[in-house]
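So the structure is just underneath, and the comments pick up after that.
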Amino acid sequence: MKKSIRLMIASILAIIFSLIFYFNTFKLPAVAAKLPRILIGLIILLALGIMIQAYVSETKIAKANRIQNKEPGEEKDDSEEKFEPINYRQAIIFTIMIAAYIFLLEPIGYFIITPIYIVSTYIFLNATKVRNIVFISIGFMAFVYFLFVVFLKLPIPMGLLQ
Amino acid sequence: MIFENLLLGLKNAMSISSLLSVTIGTALGLFVGAMPGLSATMAIALLLPITFGMNPATGISMLASLYMGAMYGGSIAAILIKTPGTPAAAATVMDGYPLMQQGKAGKALGVSLVASLIGGVLSSIALLTIAPALGNLALQFGPVELFAVAVLGITIIGSLSQGSTLLGLLSGAIGLLLALVGMDPITGTPRFTFGSIYLFSGVPYTVALIGLFSIPQAIKLIQRDEEEKKTISKFTDRMLPTLQELKLMIPNTIRSSIIGIVTGIIPGTGGDTACWFAYNEAKRFSKDKDKFGKGSIEGLSAAESANNAVVGGALIPTLTLGIPGSSATAIIMGGLMVHGIMPGPTLMTEYADVTYTLIWALMISNIAMFALGLLFTRLAINVTKISDKVLAPIIIVLCVIGSFAINNSIFDVYLMFAFGILGYFMNKINMPTAPMVVGMILGQMLDTSLHQSLLIGQDSWAVFIKNPISAALLFIALVSILQSTPLFSIIKRKIKSKKSDEALG
C-alpha cells in the first residue's frame with residue numbers, strides 16, 4: 001500500500017476517534033469538557049493537515065512520473081517494504097499467537113500457558129534447535145518464578161494451578 | 001539546602017541496595033544494548049514493573065543505570081557486526097566496524113568504553129549542577145507557567161521527533177486526550193470511560209508505554225527473514241587506549257559530550273540525533289578528515305561520548321520541569337509517577353532524597369559501566385549472536401507479566417496489546433510513539449493547570465499572555481511548530497531571495 005494512502009486512512013481514523021470523543025463530551029459538565037474539546041479540534045485540524053500533505057506529495061510524485069513518461073501505477077514508493085521484504089504471513093500468525101496467549105492467560109494460568117506459547121512460537125518460527133527450546137523454556141520460567149513470585153512477590157495469574 | 005540534599009543523595013546512593021541496583025541495571029543495559037533490535041527504551045519499559053516493589057530511589061536509579069549501560073552496550077554490536085545495538089549507536093558503525101576489520105576490535109571497544117565514560121561523567125556533572133539551579137527557578141512557577149511548560153514540552157517533542165511534524169503533533173495530541181480518560185479531577189465526573197469500570201482510574205501510561213515500545217519491536221524482529229549474524233568469537237588486542245590515543249580523544253570527547261548534553265536537554269531529541277551531530281562536528285574540527293569512515297578513533301569517540309552524554313542531559317528537563325528529554329526518560333518519569341512522585345518543580349525539594357540519589361546513582365553507574373565493560377565486553381560478544389526469533393517471544397512474555405503486575409489486572413494486558421498493535425501501525429506510517437506517551441504523562445497536569453489558570457484569570461485566556469514567563473514559553477512553542485512547517489521554509493526562501501535581489505542592486 002502506498003504511503004499516501006496509509007496516511008489518508010490514518011487521518012480518517014484519527015478524525016473518527018476524535019468525533020467519538022466529541023459526542024461523549026456532551027455528557028460532561030462544561031468545565032470537564034473544555035480541554036477535551038480543544039484537543040479534539042486540534043486532532044481534527046492536524047489530521048486534515050496530514051491528508052492535505054499526503055495529497056500534495058502524491059500529486060508531486062505523479063507529476064514527476066508524468067515528466068519521466070512513466071505509467072501512473074509505476075511510481076516509486078519510499079516505504080520500507082521496497083528495501084526489506086516483509087514476511088506478512090509470519091507477522092500475522094505471530095500476532096494471532098500473542099492474542100491467543102493473552103486471552104488464555106487468565107483461564108489457564110501464566111505458568112501453564114507461557115511454556116506452551118514459547119515452545120509453539122519457537123517451533124512456528126523455526127527459531128532454534130529442540131534442545132535449546134526446552135532449555136530456554138525451563139530456564140526462563142524458573143527465572144520468572146524466582147524474580148516475580150519469590151523475590152518481588154508480584155501477583156501472577158495462576159489459572160488452573162490456583 | 002542544596003548542599004545538604006547533595007550529601008543526603010550521595011549517602012543514599014552509596015548504600016548497598018543502591019549500589020547493587022546500579023550495578024544490576026548497568027549490567028542489564030550493557031547486555032540488552034549489545035543485542036541488535038532491542039532498544040534501551042524497550043528494556044526500561046520492561047524493567048519498570050520490576051522496580052515497583054523497590055524503594056523509589058533504588059528502582060529509578062536502576063532504570064537510569066540501565067539507560068547508561070545500554071548506550072555503551074549498543075556500540076558492541078555496532079563495532080562487531082555492523083548493526084547498531086541501539087539507534088543511538090548508528091554513527092558508531094562508521095568507524096567502529098572498519099577498526100574491527102583491521103583486527104582492532106579490542107581497541108575499538110576500549111575507545112568506545114572510555115569515550116562513554118567521559119560522556120557519562122560530564123553529563124552527570126551537568127545534571128548535578130544545572131538541575132538544582134533550574135529546579136530552584138522552576139519553584140517560582142505557578143499553574144499559568146506550568147500550563148505553558150506542558151504545552152512547550154508536547155510541541156517540542158512533537159515537532160522535533162523523527163518524521164513529519166504534523167504526525168508528531170497528532171501523536172502528542174492523541175496522547176493528551178487519552179490522558180483525560182477517567183475521573184475528572186475537578187468535577188469528579190467519569191470522563192470518556194464508555195461505561196467501563198476499568199477506565200475509571202484512567203488509561204495507565206505504564207501499560208501503554210510497555211505496549212507501544214515493546215510489541216512493535218517484537219513483531220519487527222520476526223517479520224523479516226533473518227540473515228546469519230557474522231561476528232568474531234573473541235578478540236585478543238588490548239582494550240584500553242594508549243596515552244597518545246587518549247590525548248587525541250580528550251578535546252574531541254569533551255566537545256562531543258557538550259553536544260550530547262545540549263541535545264539531551266532539548267525534548268524530543270535523543271542519542272540518535274546527538275551521535276550524528278557530534279560525529280559531523282568531530283569531522284569538521286579534525287586534522288585527519290580522510291580517516292573518518294575508515295577507522296578513525298576521533299569519529300568513534302565522538303559518537304560514543306555524545307550518546308552517553310545525552311542520558312544526563314535528558315534527565316535535566318525531566319527532573320526539573322517534568323518534561324522528558326527523550327522517550328527513555330519519559331519512561332523513567334512514568335516510573336516516578338507510579339511511586340506517587342509527581343515530576344516537576346517539587347521534585348528537587350519535596351522528593352529531594354529520591355532525586356539527588358538518582359543523580360548520584362547516575363554518576364556511579366558510569367564507574368560501574370567502565371568496570372563491567374572491561375570485565376564483560378568479551379562475554380557480551382556472544383549476546384550479539386542471539387537470534388532475533390529467539391528474543392521476540394521472550395519480549396512478549398515479559399510485556400505480559402509486566403503489564404499484569406502493574407495493577408494486578410488482566411484488562412491492562414489487553415490494553416497493552418491494543419497499544420502494541422497501535423504502535424506497530426504508527427511505525428508503519430512513521431508516526432512517532434514518544435509524543436503519545438509524553439502526552440499521556442503530561443495530560444493531567446495540563447488539564448489541572450489550565451483550570452487553575454483560568455480561575456486566576458477570571459476565565460480569560462489573556463492570563464497566559466500577561467504572564468511574561470508563560471508568554472515566552474508559549475512563543476517558543478509556537479516557533480517550534482512553525483519552524484518545521486512548509487510555511488517557515490517559504491518565508492525563509494522569500495527573505496533570502498529578497499536579500500539577494502537587494503545585493504544585486
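Data table
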read-out: Sulfur and carbon atoms: percent of accessible area, the range B:309-465 [1.4 Å]; value: 67
read-out: Rough spin-label spacing in nm, given labels placed 7 Å along Cα→Cβ, for A:Lys2 and A:Ala142; value: 5.7
read-out: Extreme residue, positive dipole direction of the protein assembly as shown, given options B:Ser65, B:Ser112, A:Phe111 (C-beta unit charges); value: B:Ser112
read-out: For B:342-348, mean number of other protein chain Cβ atoms within 10 Å; value: 0
read-out: For the range B:278-347, size of Cβ-based charge dipole, Lys and Arg +1, Asp and Glu -1, in debye; value: 220
read-out: Percent accessible area from carbon and sulfur atoms, the range B:67-133, protein chains only, probe 1.4 Å; value: 68
read-out: Interface residues, the range B:385-410 - accessible area loss of 30 Å² or more versus chain alone, probe 1.4 Å; value: B:Lys389, B:Val390, B:Pro393, B:Ile394, B:Ile396, B:Val397, B:Leu398, B:Val400, B:Ile401, B:Phe404, B:Ala405, B:Ile410
read-out: Cα Rg, Dmax (largest Cα-Cα span) when computed across the protein assembly as shown, Å; value: 25.0, 88
read-out: Formal net charge of residues neighbouring B:Ala179 (Cβ-Cβ distance under 14 Å; K, R +1; D, E -1); value: -1
read-out: Å² of accessible area per residue within chain B, as computed with a 1.4 Å probe and no ligands counted; value: 37
read-out: Per-residue mean of C-beta atoms belonging to partner chains within 10 Å, peptide B:412-420; value: 2
read-out: Dipole magnitude of the protein assembly as shown about its Cα centre (Cβ charges: Lys, Arg +1; Asp, Glu -1), debye to nearest 20; value: 1300
read-out: Contact surface B-A: accessible area buried, both sides summed, square angstrom, 1.4 angstrom probe; value: 5600
read-out: Inter-chain shielding of B:164-175 (mean C-beta neighbours from other protein chains, 10 Å cut-off); value: 6
read-out: Cα centre as origin, Lys/Arg/Asp/Glu Cβ charges: chain B dipole, Debye; value: 1440
read-out: Relative packing of peptides B:259-267, B:190-198 - highest average C-beta neighbours within 10 Å first; value: B:259-267, B:190-198
read-out: For the range B:85-98, Karplus couplings with θ = phi - 60° (6.51, -1.76, 1.60), whole Hz, Gly/Pro x; value: x, 9, x, 5, 9, 4, 6, 5, 4, 3, 10, x, 5, x
read-out: Under 5 Å, built H, 5+ apart or other chain: amide partners of B:Arg191; value: B:Gly182, B:Met183, B:Asp184
read-out: Two-decimal ratio, the range A:3-67, of alpha-carbon radius of gyration to 2.2 N^0.38 Å; value: 1.49
read-out: Selection from B:Gly340, B:Leu374, B:Gly312, by position along the positive dipole direction of the range B:250-394 (Cβ); value: B:Leu374
read-out: Estimated Rh, chain B: Kirkwood, alpha-carbon pairs, angstrom; value: 23.2
read-out: Chain B, relative contact order in percent, only Cα pairs under 8 angstrom and at least six apart counted; value: 28
read-out: Whole-percent carbon and sulfur share, accessible surface of the range A:3-67, 1.4 Å; value: 78
read-out: Positive-end residue of A:Leu7, A:Asn87, A:Leu147, charge dipole of chain A with Cβ unit charges; value: A:Leu7
read-out: At least 20 Å² of accessible area lost relative to the chain alone, listed for the range B:197-223 with a 1.4 Å probe; value: B:Ile219, B:Ile222, B:Gln223
read-out: In Hz, Karplus ³J(HN,Hα) per residue of the range B:167-180 (6.51, -1.76, 1.60; θ = phi - 60°; x = Gly, Pro); value: 5, x, 5, 4, 4, x, 5, 5, x, 4, 5, 5, 5, 8
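The values are calculated or read from the model by the stated rules, or taken from the named source; none is laboratory data. This one's a predicted model, so the numbers in the text were calculated from it and none came from an experiment. All Cβ positions, even for glycine, are placed from backbone atoms using ideal geometry, and neighbour counts span all protein chains on display. Note: accessible area is taken over every heavy atom of the protein model, side chains too, but ligands, DNA and RNA are not part of it. Shrake-Rupley method; radii C 1.70, N 1.55, O 1.52, S 1.80 Å.
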